[in-house]
Structures are given as structure tokens and as C-alpha cells.
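The values are calculated or read from the model by the stated rules, or taken from the named source; none is laboratory data. Please read all numbers here as calculations on a predicted model, not as lab measurements. With ideal geometry, Cβ positions are generated from the backbone for all residues, glycine too; neighbour counts draw on all protein chains shown. Ligands, DNA and RNA are excluded from the accessible area calculation, which covers all protein heavy atoms including side chains. Shrake-Rupley method; radii C 1.70, N 1.55, O 1.52, S 1.80 Å.
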Amino acid sequence: MRETFDVCIVGAGPGGLAALSAMTEPYSLDQLSRDQWNRVAHVDLKHRKDRIPPKVCVVDPGGWLSTWHARFKALQIQWLRSPVGAHPDIFDMHSLLAFATRTERCDELLDSGAVNADLRSLPEAGQGLWNLPSNELFEQFCGDLAARLPHSFIHGEVTSVEGDDGDFTVFLKDGQPILAQTVILALGVPGPAAFPGALAPVPEHLMFHSDFECGARLQELSGKKRVLVIGGGLTAVQVAQLALKKDCEVVLLSRRPLTTRHFDIGERWFDRRRANVHHYEFFQKPMEERLEHIKATRGGGSVPPFYMKEIREAEASGRLVCKQGEVQLSHVWAEAVDVLIDGQVNRFDLIVNACGHRADGRHLPLVRELLRTAPTEVVGGFPVLSQDLQWGDFKQLFVVGALASLQVGPDAGNLMGLRRAVQIVANALSLRAWLKDTKTVLGNICGNRFQALDSDSDSECESV
Ligand SMILES: Cc1cc2nc3c(=O)[nH]c(=O)nc-3n(C[C@H](O)[C@H](O)[C@H](O)COP(=O)(O)OP(=O)(O)OC[C@H]3O[C@@H](n4cnc5c(N)ncnc54)[C@H](O)[C@@H]3O)c2cc1C
């Protein structure tokens, strides 16, 4: 008989790893109320002894964090943009910091200057939780975490999910079925590459998207090539820096002047004194307004100050030219492209489009298939999920990551949002039920606590 998994996680990126952690850890230290701390202190040992962790499988064509690794390697990114408290270990927010200390690698934590006078009063700021980890540290930490958490890894691409709550069959491209009671989709990027329409006539050999095959074509940046980088966010800046390192002549063209910001959403979303208010306000809004809220919060892309300093230095030395405006094509030659910038024709050997992705889940074959078999509304390219991140009428088919943006918020696709999303899933599955603190409204909530706060009743939400 084929084995049945309690949980099948599709996608082995940070989202899949965070989901695995949330499924297998009995609780999260940073989420416990005072009462729960007491309960944990009294029953944890027994609970841990008696507890049989759920049988979890993780499915991905690559290995753990293979997409993340390829992207960071292709762009030669040294530091994460997110703080060291944002990582996939759901048991303890401090564990990446502790990993750095234990392995004597605190020099791989960068004080990027994000802690201003206001944030300095937060204890976690003093502990260094707002510093940025190096990517090497982060990846090794994730490798260590994946090795510790019990699971089976299955290599393959999932093409469909069929069946019902408690009885799903997840099909791989080669036809292999996987049986699971619960399925969590952690698929990453929510849609296709965004391309400025004006560049449509440019042939493939003269232009590529920075994320094409996780940055595989970035190795074409070499020699004295004249390169046009298009985009106004951090990726465009990272591509421009890479091209400069490879001795290219670079023009960085963005629609509007580059904006400086430490994180890709404002610090207040990370500040626990204010973050709940922002999330609560977000959930108050109807779906269409949430979409606008996400766009407004993320802006059109921004660049951390320490990158901006390097960009300004490169500009001052004459190695880089930053321009603002819409890209306008003038002529396509066999081996070069003429682009009109500021009314002047500039010739480039290569164009790198670093405009990110369009939100359109229907672009992903698995999402398209799910929309066919279990239709659900799509708003602004994102599927409308339940408040507990469930797909359609299912109670045990969940979505985390960027695709869950309408129910998680503007940081859904980032490490911080992933942490919140998998907590919602663990609560919806009642995995934290043994900790229940029935005396308080919050203690009674099963899934998404921000949505539950919206209600004036304190009734329990449905559990599975
Ligand atoms: C250059 C770059 C730098 C970034 N830096 C940061 C940062 O510093 N901090 C931060 O918080 N965020 C950062 N981000 C955002 C980042 O992408 C996310 O934080 C993170 O990768 C999201 O994890 P994920 O698991 O949702 O998606 P991914 O990392 O994209 O992983 C998704 C996985 O799902 C798999 N998958 C997809 N479809 C299927 C299928 N049908 N079957 C099986 N497997 C499937 C893929 O193979 C992939 O391995 C960065 C993004 C980029 C592009």
C-alpha cells in the first residue's frame, strides 16, 4: 500500500521550509502568552515525549532553497535585505542570531543603519535582531534546519492536486501520485516576468529578464559590453553592480528616481509596537483595496541606503550613468540595440530587464489547473483564499508566499510574511491546540488572528 503523508508541502524554498518547521515544531517561543509559557514549562517535556510529529513530505524539482541559492549566486548578493529575525525557523525567532553566535560568525551580521532613534528602544534592536545576515550564513542555517526537521524529500514538479480534505492525491509531472491529508502550496513567484511593451521587438539574444532561469543569463555580462539595465528596485541596482564588476559600461534606466528604504516595505511593518495595527488595517479593507494597499506599501521598488551609496560612488566615478524615463526603442541591429534616452540615441550590446514580475497566478501551470478543478475568484492576479489561507472550499489545502498576498499582506512573499502565513496554517490545523489559552479571545483563535480581531464575537473558528 502506498504511504499517506499527513502533510505534503509543494515547494522547497524558504516558504516550504517555514511550513515544515510550523508543521513539526510543537510551538513558537515568540508567540506564547504568559499563560502559555507556564503551560509549556509544565507539559512540554511530556508533550514532546508523547508527541508523534506529523509525517511530512516536501516536493520540489530542485533541492532545498535551490531557487533562492541560484538567484543569490547569479547576482552575487552578499547580504539579505531582511533582518536576522526573519527566517524559516518557526520555533524561535532568535535562532539565526544564535546560529551566528554559536558558529562564531557574528561578523556576518551587518548593521545596515536601519535602527533609528525610535527603534533603539526596542529590546530586540539592542539584541541585534535588526541586523542583516550574510547570505552564506542564512543558507547554511537553512541547510542545518532542513537536516534537523523530520521529513521526506521528493524530487519532482507537481502538476495537479486532486481529491478532498484528508484525502488528496498530488500528481507529479511523471504521473507519480503522492497521497496526503493536507497540502500546502509554497510556490514562490506569483506570475510571469514583467516586460516593458516598448521592448517587445528586441530579440532574445540582445535582451533577457534578470530572473530568467534564476539569473542564468547574467553570466553574459562580461568584457566591455555596453549594457542597459531597466528597473528602479534593488534587483536593477544589483544587476547594474554586477555588470560594473564585470567591466561593462552601464546605464541604469528607471521610470522615476531611485528611492531609498532599508526594507522593501516600511520599518513600521517590522516594528512589533505598530505592525499589528498595520495588519489589522489591511484586513479591514475589501480585496480590491487590499491590492491598492499592497502596491502603495511596496511602492515601485526601493534601494537600501548602503547600496545607494555604492551606486552614487559609481556614478561619481563616471562608470555608471543613472537615467530616468520610459524606455523608447529606436532601432534593432543584428548585434546591438539603439534606445532613445533624453532625446539621444544610445547603442547597447545587451539589455537586462530587471522590472520584476507581474502578479498573475494563472501563469503557474499548477494554479491554472487548480483554478480549473476548484475555481476560486482571482483579484489582481492573486487567488482569493479564505482568511486561514485555504483554497476555495477546501479546509486542508493551503497557500503561503506571494500568492497569498491578499490574505497575508504586502510582505507575503518575503521571509517575514512567510513566518506569519505558516503560523496561520498551523493554527488552522489546530496543531497548537494543546496550548490553548481559552480565557482570552486571542487564545481561542485558531487561524488568522488579525481577521478574527475584526469580529465582535469571540466564537471559535472552524478547525480541522
Ligand atoms: C534577488 C532576490 C533577493 C531577495 N532577497 C530577499 C531577502 O533578503 N529577504 C526576503 O525576505 N526576501 C527576499 N526576496 C524575496 C524572496 O524571493 C522570498 O523571500 C523567498 O524566496 C520566498 O520564498 P518562497 O518559498 O515563497 O519562494 P521560492 O524561494 O521562489 O521557492 C519556491 C519553490 O517552489 C518550487 N515550486 C514552484 N512550483 C512548483 C511545483 N509545481 N512543484 C514543485 N515545486 C514547485 C520552486 O522550484 C521553488 O524551489 C528576494 C528575491 C529575489 C529575487
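Before moving on, here are some points about what is shown:
Each row is one residue, and each column tells you yes or no for (1) at pLDDT below 95; (2) out of contact with any His (no Cβ under 6 Å at 6 or more places or on another chain); (3) not hydroxyl-bearing (Ser, Thr, Tyr).
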site	(1), (2), (3)
Arg298	yes, yes, yes
Lys309	no, yes, yes
Glu315	no, yes, yes
Val321	no, yes, yes
Glu326	yes, yes, yes
Ser330	no, yes, no
Val337	no, yes, yes
Val345	no, yes, yes
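- Members of region 61-78 that are crowded, with 21+ Cβ neighbours inside 10 Å and touching a strand residue (DSSP E or B) at 6+ places or on another chain (Cβ under 7 Å): none
- Test: residue in region 274-282 that is assigned to a loop (DSSP other than H, G, I, E, B), open to solvent by 10 Å² or more (accessible area, probe 1.4 Å) and either at pLDDT 95 or above or not charged (D, E, K, R) (or both): no
- Here is the figure for region 141-166: residues that are touching a residue at least 40 places away in the same chain (Cβ under 8 Å), more than 15 Å from the ligand (Cβ to nearest atom) and part of a helix (DSSP H, G or I) total 1.
- Residues of region 167-210 that are assigned to a strand (DSSP E or B), open to solvent by less than 50 Å² (accessible area, probe 1.4 Å) and not aliphatic (A, V, I, L, M): Phe168, Thr169, Pro177, Thr182, Phe208, His209.
- Within region 371-418, the set of residues being open to solvent by 20 Å² or more (accessible area, probe 1.4 Å), part of a loop (DSSP other than H, G, I, E, B), over 14 Å from Gly361 (Cα atoms) and within 11 Å of the ligand (Cβ to nearest atom) comprises Asn414 only.
- Single match in Asn427, Asn444 (criterion: closer than 19 Å to Gly16 by Cα, of a type outside the set (A, V, I, L, M, F, W, C), modelled with pLDDT under 95 and surrounded by fewer than 24 Cβ atoms within 10 Å (Cβ to Cβ)): Asn427
- Wholly within region 52-136, helices (runs of 4 or more DSSP H) carrying at least 2 residues that are farther than 28 Å from Val158 by Cα: 95-102, 123-127
- Enumeration of residues in region 99-126 that are among the polar types (S, T, N, Q) and either within 19 Å of Ile265 (Cα to Cα) or buried (at least 16 other Cβ atoms within 10 Å of the Cβ) (or both): Ser112, Asn116
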